[in-house]
Amino acid sequence: GDVYKRQKQKRFAAAIASYTKAIKATPANHLLYSNRSLVHSTMRAFELSATDARKCIDLCPGFMKARVRLACALLELHRFDEAREACRDGLKIDLNCRELGEILQRIRSCERGDHLQEARFGNSVDAIDQQKSMQQAAEAQEQAEAEETDRAAQNLRRKGTSATVESSRETPQGCIAGLMHTCQDLGSELKRIWIGRHEVFLPVWYSDENMAKISPAGRTKCMSGVFKAIGEYDKMPYGLKLPEGAMYLLCPELGAEACEAMCSEPSRFAGLIQEIVGTMALGADKRAQENLWTRRDALADVFVELGGFKVPFLEERPVTYPSGESAPKGHAAVFGFGNRLELFGMLRNLFLHQSLFMGIRAVLAKAYELGILQMEQLTESKDSVTTNEPQNLDVNTTLRQ
């Protein structure tokens, strides 16, 4: 039995290594992430399984198997709220997905504690074996990634180019498609949290007393900290990197002066969110492009790194490697990033959506942590939601995830 188990684990580890190498060669193939997610799940490496399922969904949002695998992995990790949200997201695409419906039932069963009773009768996997299996899966993937990175780097050195391993993997079209999905997802999250929670958020945001508890240094420190963290984050997807200050040039609404004005007059912040959410149904892409076009002189020197390439805002400036070396004639990067105004307009929307969403979320999370809001306000119906302190505004709302 032990010999068979070891052989089986070796086969799974080999499968992970094969899928990992294939992903390095064709990173836009969603099926590879889905298949590797399944193998990770079989090895009970559920964190890795969830990561691959999310990547598959990013590449192909309508692929239901990935949504089922994500929900299953989160359920096994006992992250029930996230598993429920994954099921609901999937059911928005396919209301008749039987597997997601069954997972929702399992979530409710686990929350009642039924899984604890099952564990007493020996249905749980031995914790030591599970830990070993997870470690094998992680090591197999890590080793395969390291081998592929080293192989790609050697090939680039032989060619004598300053191109990076990153730029040799991602296609410009794949980067743009991935960021577009991310922008759309963040827009949906911002719209959802604003529509569903603004009646709880606004009383907290408008209250000087509440905000002093949340951020003793004031609203400006609170929000500017969120915006700064986003602009300086060094692990953005698809190799996206921003020079210092680039986000504020694309989104002056998030800059220090604008942030100070919004926070000294809190209704301005609410007005900005309402404006951004409102434009989603009225052509947000076009409005972003118009905004950038009117400020094109100020943006003349702006660039971003994407997929291992340096992409300037101005169309007449060529795409280069980060070192400044031009991409070879005929290379996909020369024209693959498409219309620059459309690209940077999408990035403007992405950072606005992310910054405003994370700003709201940070205030709500801290308010709950400090007891300003109660858990009931995050889960109960409109009729039962109240705040701890007297407010002049109606704060009833539904806060379901």
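Residues in the stretch 30-63 that are in a loop (DSSP other than H, G, I, E, B) and either on the phi < 0 side of the Ramachandran plot or modelled with pLDDT of 90 or more (or both): 43, 45, 60, 61, 62, 63. Among the criteria (1) buried (at least 19 other Cβ atoms within 10 Å of the Cβ); (2) touching a strand residue (DSSP E or B) at 6+ places or on another chain (Cβ under 9 Å); (3) of a type in the set (A, V, I, L, M), the one residue 334 does not fulfil is (1). Screening the stretch 52-72 for residues that are open to solvent by 20 Å² or more (accessible area, probe 1.4 Å) and farther than 18 Å from residue 175 by Cα and picking the one that is nearest to the chain's Cα centre (by Cα) gives 67. Where residues in the stretch 227-250 are hydroxyl-bearing (Ser, Thr, Tyr) and touching a residue at least 12 places away in the same chain (Cβ under 8 Å), which of them is nearest to residue 174 (Cα to Cα)? Filtering first and then ranking leaves 238.
The single residue among 342, 376, 369, 325 that is of a type in the set (Asp, Glu) and at pLDDT 90 or above turns out to be 342.
Only residues that are surrounded by fewer than 19 Cβ atoms within 10 Å (Cβ to Cβ), of a type in the set (Gly, Ala, Ser) and over 22 Å from the mean Cα position of the chain (by Cα) were counted across the stretch 192-214, and they come to 1. Every test in (1) out of contact with any Ser or Thr (no Cβ under 8 Å at 6 or more places or on another chain); (2) among the aliphatic types (A, V, I, L, M); (3) modelled with pLDDT of 70 or more is passed by residue 127 save one, and that test is (3). Residue under question is residue 350, and the condition is that it be open to solvent by less than 50 Å² (accessible area, probe 1.4 Å), touching a Ser or Thr at 6+ places or on another chain (Cβ under 8 Å) and either over 16 Å from residue 176 (Cα atoms) or assigned to a helix (DSSP H, G or I) (or both); does it hold? Yes. Among the residues examined, residue 270 does not qualify as in contact with a Pro (Cβ under 8 Å, 6 or more places away or on another chain) and either farther than 25 Å from residue 287 by Cβ or assigned to a helix (DSSP H, G or I) (or both). Regarding residue 71, is this residue aliphatic (A, V, I, L, M) and either more than 20 Å from residue 140 (Cα to Cα) or free of Cβ contacts under 8 Å to residues at least 24 places away in the same chain (or both)? Taking the combined requirement at face value, the residue satisfies it. Every test in (1) touching a strand residue (DSSP E or B) at 6+ places or on another chain (Cβ under 9 Å); (2) open to solvent by less than 30 Å² (accessible area, probe 1.4 Å) is passed by residue 299 save one, and that test is (1). Need pairs with beta-carbon distance below 8 Å; first residue closer than 20 Å to residue 258 by Cα and within the stretch 200-226, second of a type in the set (D, E, K, R) and surrounded by 21 or more Cβ atoms within 10 Å (Cβ to Cβ); sequence gap 6+ or separate chains. Pairs that qualify, where the first residue is closer than 20 Å to residue 258 by Cα and the partner is of a type in the set (D, E, K, R) and surrounded by 21 or more Cβ atoms within 10 Å (Cβ to Cβ), are 205/219; 211/219.
Screening residue 289 on (1) surrounded by 18 or more Cβ atoms within 10 Å (Cβ to Cβ); (2) touching a Leu at 6+ places or on another chain (Cβ under 6 Å); (3) over 30 Å from residue 28 (Cβ atoms) shows it passes everything except condition (3). Across the stretch 232-267, the number of residues qualifying as surrounded by fewer than 19 Cβ atoms within 10 Å (Cβ to Cβ), assigned to a helix (DSSP H, G or I) and acidic (Asp, Glu) comes to 3.
Would you point out the residue of the stretch 170-191, among those that are open to solvent by 60 Å² or more (accessible area, probe 1.4 Å) and at pLDDT 85 or above, that is farthest from residue 345 (Cα to Cα)? Among those residues, the one meeting the criterion is 191.
When you look at residue 34, is it open to solvent by less than 50 Å² (accessible area, probe 1.4 Å) and polar (S, T, N, Q), yes or no? Answer is yes for this residue.
The values are calculated or read from the model by the stated rules, or taken from the named source; none is laboratory data. From a predicted model like this one, the values you see are computed outputs, not experimental measurements. All Cβ positions, glycine included, derive from the backbone under ideal geometry; neighbour counts span all protein chains shown. We work out accessible area using only protein heavy atoms, side chains counted, and drop any ligands, DNA or RNA first. Shrake-Rupley method; radii C 1.70, N 1.55, O 1.52, S 1.80 Å.
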